[in-house]
Amino acid sequence: MLDTTPLTRAVDHFADRLRAASQSRLQRGAATEALGLARELALRAQRLEDPYGTPREMPDAGMFAAADQITVAGHDLALALKDEDELAEAVTLVAEAQKRAGV
């Protein structure tokens, strides 16, 4: 079984940083970056779980929900991952998004 702890830790850390961020930081792009990440993680999970299904886009639930959205999408993806390469790529996506978000 694949140990997806690095992904869940990265997602949880980013989410915690978002929850601690000021409203102005969220408005300056951190929330938008988080939503983009959540949508990408959700899309990857859906493709792994149902490669022939029509993917659904995660809705924009507002800047204060961004942390929860990346948490849900990241943990869903962690359950769907099948190999180390997919895991490493997902961890990199989270790290890059967090850096761009500035939190």
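The values are calculated or read from the model by the stated rules, or taken from the named source; none is laboratory data. Since the model is a prediction, treat every value here as computed from it, not as a measurement. We place every Cβ from the backbone using ideal geometry, glycine too, and count neighbours over all the protein chains shown. For the accessible areas, the whole protein counts, side chains as well, though only heavy atoms, and no ligand, DNA or RNA atoms are used. Shrake-Rupley method; radii C 1.70, N 1.55, O 1.52, S 1.80 Å.
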message: Just to be sure I understand the filter: pairs with C-beta atoms under 8 Å, separated by 6 or more residues or on different chains, first member in the stretch 62-86 and closer than 18 Å to A30 by Cβ and of a type in the set (D, E, K, R), second member open to solvent by less than 60 Å² (accessible area, probe 1.4 Å) and part of a helix (DSSP H, G or I). Which pairs pass?
response: D68/A15
- request: Mind listing just one residue for me: the one in the stretch 82-103 that is within 15 Å of T4 (Cα to Cα) and outside any helix (DSSP H, G or I) and, of those, least open to solvent (accessible area, probe 1.4 Å)?
  value: D83
message: Of everything in the stretch 6-64, what is among the acidic types (D, E), surrounded by fewer than 21 Cβ atoms within 10 Å (Cβ to Cβ) and either in contact with a Gly (Cβ under 7 Å, 6 or more places away or on another chain) or within 15 Å of V94 (Cβ to Cβ) (or both)? Give them in sequence order.
response: D12, D16, E40
Evaluation of E33 against (1) under 10 Å from the mean Cα position of the chain (by Cα); (2) outside any helix (DSSP H, G or I); (3) not β-branched (V, I, T) (one fails), failing number: (2)
query: Is it true that L79 is open to solvent by less than 50 Å² (accessible area, probe 1.4 Å) and assigned to a helix (DSSP H, G or I)?
result: no
task: Return the residue satisfying two criteria in turn: it lies in the stretch 36-76 and is outside any helix (DSSP H, G or I) and acidic (D, E), and of such residues it is nearest to D16 (Cα to Cα).
output: D60
